[in-house]
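Student: Let me give you the structure first, and then I'll get to my questions.
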Amino acid sequence: MKIQQQMKLKKLMGCFERDYQLSEQLYTRHVELIDAAGKSGMESSFERSLLSAGVRPEILATAMESAEFEETMTAMVSALTGIIGRWDMADRLDSERNAA
């Protein structure tokens, strides 16, 4: 993506906080992305990487079953999908404006 396009999308992202309707749409999109991303795919990839780094399977399983791990994984998925959601929504708004 070109720098000009990125700057344009960043400018649109600034509107999300000031516009209640856009804020609601962003929240809805964020929830959709969280549901789509899920944690299972990320956890399995994470697990494979750590096992290949030599972490014992029993230790990894115990750590991944902990409340701390679950909370951190949930927060990470939420943070990442929030970033992606803002970029995605800005891109959609820009595309709509260009089509009009």
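Student: Residues that are touching a residue at least 40 places away in the same chain (Cβ under 8 Å), assigned to a helix (DSSP H, G or I) and closer than 26 Å to MET89 by Cβ: does region 41-51 have at least one?
Tutor: Restricting attention to region 41-51, the residues satisfying the condition of being touching a residue at least 40 places away in the same chain (Cβ under 8 Å) are none.
Checked region 41-51: no residue is touching a residue at least 40 places away in the same chain (Cβ under 8 Å), assigned to a helix (DSSP H, G or I) and closer than 26 Å to MET89 by Cβ.
Student: With (1) assigned to a helix (DSSP H, G or I); (2) free of Cβ contacts under 8 Å to residues at least 40 places away in the same chain; (3) not small (Gly, Ala, Ser) as the list, and MET1 as the residue in question, which single condition is left unmet?
Tutor: The number of the failed condition is (1).
Student: Separate question: Name every residue in region 6-31 that is in a helix (DSSP H, G or I) and in contact (Cβ under 8 Å) with a residue 12 or more places away in the chain, in order of residue number.
Tutor: Within region 6-31, LYS8, LEU9, LYS10, LEU12, MET13, LEU22, GLN25, LEU26, ARG29, HIS30 meet the criteria.
Student: Quick one: which of GLY38, GLY14 is at positive phi, at pLDDT below 95 and out of contact with any strand residue (DSSP E or B) (no Cβ under 9 Å at 6 or more places or on another chain)?
Tutor: GLY38
Student: Hey, among PHE69, PHE16, which residue is within 20 Å of GLN6 (Cα to Cα), more than 16 Å from the chain's Cα centre (by Cα) and surrounded by 14 or more Cβ atoms within 10 Å (Cβ to Cβ)?
Tutor: PHE16
Student: Sticking with this structure for a sec: ILE84 - would you say it is assigned to a helix (DSSP H, G or I), within 18 Å of the chain's Cα centre (by Cα) and not polar (S, T, N, Q)?
Tutor: yes
Student: Within region 38-66, which residues are more than 20 Å from VAL77 (Cα to Cα), surrounded by 10 or more Cβ atoms within 10 Å (Cβ to Cβ) and either touching an Asp or Glu at 6+ places or on another chain (Cβ under 7 Å) or hydroxyl-bearing (Ser, Thr, Tyr) (or both)?
Tutor: Matches in region 38-66: THR62 only.
The values are calculated or read from the model by the stated rules, or taken from the named source; none is laboratory data. Values in this document were obtained by computation on a predicted structure and should not be read as measured data. Quick reminder, even Gly has a Cβ in these numbers, built from the backbone with ideal geometry, and neighbours come from all protein chains shown.
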